[in-house]
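All remarks here apply to the structure that follows.
The values are calculated or read from the model by the stated rules, or taken from the named source; none is laboratory data. Everything numeric in this text was worked out from a predicted model, so none of it was measured. Every residue, glycine among them, receives a Cβ derived from its backbone with ideal geometry; neighbour counts consider all protein chains shown.
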Amino acid sequence: MTAPKLIKAPAYWSRAAIVPGIVAIGPMLPGTLAFGMAFGALCAQKHFSLAEVEVMMAFVYGGLSQFVAVQSWPDHLTVSSIATLALLTLTVNIRFSLMSASLRPWFGTLPRWQAYPPMLLVTDGGWLAATRYRDHGGADAWFFVGGALVLYLVWLVAAVPGYLLAEQLADPKKYGVDLAMPAFYAAMLVPAWKGFRPAIPWVIAGAVALVVHWLVPGWWFIIVGALSGAVSAGLMEPPAPKHGHAHD
Amino acid sequence: MRMTEMLRSDVMVAFAVMTAVTVLARLGGYWLMGYVNVTPRVRRMLDALPGSIIVAAALPVAVNGGPVVMFAIVAAIAVTIIFRNDFIAVITGMVVAALARAAGFGI
């Protein structure tokens, strides 16, 4: 267990991992469904057509960024208001670039035409589940793609009942929908816990994110906090290797 | 309803721009990483990424969300430690928050 895990098996495609990949994102499904429904309801209130909502679900495919954008949707779209929406989307979704970057050591051995399309499906839940699979030595690319495709389809469908039931779902907080993502995040932290020392970057990430959240308007706190945590992990020298197995 | 009313062109332009930015983020990180040598230091950075993103994204929202949100997240973590089940954790977080709000705690 103490061996450095620099070298892992190269990626391959085998259908055997599709079902395990779907099972792994299972816990995300109620939250995704609830979040998608709440989003559909919000769009109905903001007088988007259902067709427009589905176009947004299918192409933008970033739940939090869609929510934030629609909540601050301008009355009149101009070049400058569209630029504002683009910046907002960028600050919320730039974390996807860190996620896809971290998948490169895994997917990098695949041909480009097989490696890039799956990156379009990177979301928090799918990526977290795939990262945990990779940590345990998994290499089957279908694990990530299978789970990510199901998340995508559920997301597409979820907005429809929400849009149609907009009246009843006007307040997502009433059903705790706003807790779906944070609770899933928290649940993913527990198995990632490997002692106090590896958690120091998390503390730095959280502290920086809080400060940026207070000082800078918008959603910059996610990317700045996440980068601070990762960089601090890179700067920390690894602990001296333990000798033997006697004390393990 | 005519197609022009169902899919307003200015809304489609805004969606296209938002899509472009998001696709750029998703593909750009992967592309850039092709020029990075995965040294042990970079490996440590990548290994710290999941926890860092989670905490950076969730902590300010939780603090901002007030006692109900924080309590619901603590409940989700506690349930995960006990049952080791993500599904139960998500349901617990949502139910605890919904019940607390129904009981009149916070917003």
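Quick notes on this structure:
- Inside the stretch A:24-52, residues that are hydrophobic (A, V, I, L, M, F, W, C) and facing chain B (nearest Cβ under 10 Å) make up a count of 8.
- Identity of the residue in the stretch A:102-117, more than 7 Å from every other protein chain (Cβ to nearest Cβ) and of a type in the set (S, T, N, Q), that ends up nearest to B:Arg43 (Cα to Cα): A:Thr109
- Out of B:Val74, B:Val55, B:Val61, sole residue that is in the same structural domain as B:Val90 (by TED's automatic domain parsing), among the aliphatic types (A, V, I, L, M) and surrounded by 23 or more Cβ atoms within 10 Å (Cβ to Cβ): B:Val55
- Filter pass, A:Leu120 being within 7 Å of chain B (Cβ to nearest Cβ), under 16 Å from the mean Cα position of the chain (by Cα) and over 17 Å from B:Ala57 (Cβ atoms): yes
- When B:Val38 is tested against the conditions (1) buried (at least 18 other Cβ atoms within 10 Å of the Cβ); (2) more than 18 Å from A:Ala186 (Cα to Cα), the lone failure is (1).
- Test: B:Ile81 is modelled with pLDDT under 90, closer than 26 Å to A:Ala187 by Cα and not charged (D, E, K, R): no
- Scanning the stretch A:154-165 for residues that are under 18 Å from B:Thr22 (Cα atoms) and surrounded by fewer than 18 Cβ atoms within 10 Å (Cβ to Cβ) yields a single hit, A:Leu156.
- Flag if A:Ala166 is over 22 Å from B:Pro50 (Cβ atoms), out of contact with any Pro (no Cβ under 7 Å at 6 or more places or on another chain) and assigned by TED's automatic domain parsing to the domain that holds A:Trp113: yes
- The stretch B:13-41: number of residues that are more than 7 Å from every other protein chain (Cβ to nearest Cβ) and either farther than 16 Å from A:Pro117 by Cα or not hydrophobic (A, V, I, L, M, F, W, C) (or both): 5
- Some residue of the stretch A:133-147 being within 9 Å of chain B (Cβ to nearest Cβ), out of contact with any Gly (no Cβ under 7 Å at 6 or more places or on another chain) and not aliphatic (A, V, I, L, M): yes
- Any hit, the stretch A:26-37, residues being part of a loop (DSSP other than H, G, I, E, B), in the same structural domain as A:Phe144 (by TED's automatic domain parsing) and more than 16 Å from the chain's Cα centre (by Cα): no
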